[in-house]
Amino acid sequence: MEVMKMRCRRTVKISIDIAMYLIFVALMQEHLWSDGLHEWLGITLFALFIAHTILNFRWYQSLFKGKYTPARTTSAIINIALLAAMLCCMVSSVLVSGKVFAFLNLGGARFGRTLHLVSTAWAFVLMSLHMGLHLTPLINKLKKNKKLLRAGQILAVLPAAYGVYVFIGRAFYEELFYLTEFKFFDPDKSATAYFFETIAMSFAFVSLAYYGKKLLQMRSRRNKNQKEKFKEAL
């Protein structure tokens, strides 16, 4: 019974994570949706994020326990920054709402637009980095089949490389550091192309986090081995 509960919980968590990712990617193409649909998709995303946070609340409880390695410190910083970015997204969404929350008449639309532009950009990057940090279990499963692992590496590396090109081509860094006040979309580009480009850009940050974490872990192991050898020499 306990095993079934754990499997069910894991399935729910994975389903929520996948749904969050797909909705976030969809929301990044805001020109494809009407204002009302964009807002309702955003509300759905935030509801899923709250559920995700509740299901992973044990992580917050463990923040002040145990030793912090470079990898764990990096992970904690990214996770906390992601939480802050998502909260800013929520607040700014209400401020700029023209449909769902318009009745609140809160004002602050100019500040809301600025906050929304920057926070959504950072939330997208941090979400992708967060995914990369938790990719190890999937990679370990793929390692059982070398052909499948190789295919997975190719399928990941090519979009990631293209994602770097998209990041530069879209000047996405301008949104991250508020070097522009508006997003610009090419009306001649198809929705499919926009979705692929956004996912590719996400893959670039996923890969950065995954391999960055591996490098930090390798460095920690090397330092640990050096310390043990030094102690033995004494």
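The values are calculated or read from the model by the stated rules, or taken from the named source; none is laboratory data. Since the model is a prediction, treat every value here as computed from it, not as a measurement. As a convention, Cβ positions derive from the backbone with ideal geometry for all residues, glycine included, and neighbour counts pool all protein chains shown. What goes into the accessible areas is simple: the full protein's heavy atoms, side chains included, and nothing from ligands, DNA or RNA. Shrake-Rupley method; radii C 1.70, N 1.55, O 1.52, S 1.80 Å.
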> Modelled label-to-label distance, LYS13 and THR180, 7 Å Cα→beta-carbon offset: nm?
Replying inline: 3.8 nm
>> If you count only protein heavy atoms and use a 1.4 Å probe, how large is the accessible surface of SER220, to the nearest 10 Å²?
In response: 40 Å²
> Rounded to the nearest whole Å², what accessible area per residue is found for the chain with the 1.4 Å probe?
Replying inline: 66 Å²
> If you take the beta carbon distance between GLN153 and TRP40 as r and set R0 to 35 Å, what does 1/(1 + (r/R0)^6) give as a FRET efficiency, to the nearest 0.05?
Replying inline: 0.40
>> To the nearest 20 Debye, how big is the dipole of segment 35-150 about its Cα centre, given +1 on the beta carbon of each Lys and Arg and -1 on that of each Asp and Glu?
In response: 940 debye
> Hey, with R₀ at 30 Å, roughly what FRET efficiency would LEU55 and ILE77 work out to, going by the Cβ-Cβ distance, to 0.05?
Replying inline: 0.90
> Considering only Cα-Cα distances, which of the following residue pairs are longer than 24 Å: LYS65/LYS144; LYS141/LYS213; LYS67/LYS143; LYS143/LYS214?
Replying inline: LYS65/LYS144; LYS67/LYS143
>> Within 13 Å, Cβ to Cβ, of LYS227, how many net charges do the neighbouring residues add up to if Lys/Arg are +1 and Asp/Glu are -1?
In response: +4
> In whole percent, how big is the carbon plus sulfur part of the accessible area of the chain, probe 1.4 Å, protein atoms only?
Replying inline: 67 percent
>> Probe radius 1.4 Å, ligands and nucleic acids left out: which of ARG150, ARG9, ARG170 has the largest accessible area, and how do the rest follow?
In response: ARG150, ARG9, ARG170
> Just one of (i) 15.9; (ii) 14.3; (iii) 17.8 is mean projected area of the Cα convex hull in nm² as worked out from the coordinates here. Which one is it?
Replying inline: (iii)
> Share of Cα-Cα pairs in segment 9-114 beyond 21 Å, in percent?
Replying inline: 46 percent
>> Please report the accessible area of GLU30 (heavy atoms, 1.4 Å probe, ligands and nucleic acids excluded) in Å², nearest 10.
In response: 80 Å²
>> Output wanted: per-residue J couplings in Hz (rounded whole) for segment 15-26, from phi through Karplus 6.51 cos²θ - 1.76 cosθ + 1.60, θ = phi - 60°, x for Gly and Pro.
In response: 4, 5, 4, 5, 4, 4, 4, 5, 5, 4, 4, 5
> Given the rule -39500 (n - 2.57) for each run of at least 4 DSSP H residues, summed and divided by the residues of the chain, what is its mean residue ellipticity at 222 nm, to the nearest 500 deg cm²/dmol?
Replying inline: -27000 deg cm²/dmol
> Accessible surface of SER34 in the full protein assembly, 1.4 angstrom probe, to the nearest 10 Å²?
Replying inline: 70 Å²
>> Rounded, prolate or oblate, given the Cα gyration tensor of segment 166-234, with a/c below 1.5 counting as rounded?
In response: prolate
>> If a paramagnetic tag sat 7 Å from the Cα of LEU22 along the Cα-Cβ line, which residues of segment 99-127 would have the backbone N under 20 Å from that point?
In response: 124, 127
>> Rounded to the nearest 20 debye, what is the charge dipole size of segment 88-187 about its Cα centre when +1 sits on each Lys and Arg Cβ and -1 on each Asp and Glu Cβ?
In response: 720 debye
>> Output wanted: per-residue J couplings in Hz (rounded whole) for segment 150-165, from phi through Karplus 6.51 cos²θ - 1.76 cosθ + 1.60, θ = phi - 60°, x for Gly and Pro.
In response: 5, 5, x, 5, 5, 5, 8, 5, 4, x, 5, 5, 5, x, 5, 4
> Using 7 Å Cα-to-Cβ label points, what is the ASP188/LYS65 separation (nm, one decimal)?
Replying inline: 5.8 nm
> In debye to the nearest 20, how big a dipole does the chain give about its Cα centre with +1 on each Lys and Arg Cβ and -1 on each Asp and Glu Cβ?
Replying inline: 1940 debye
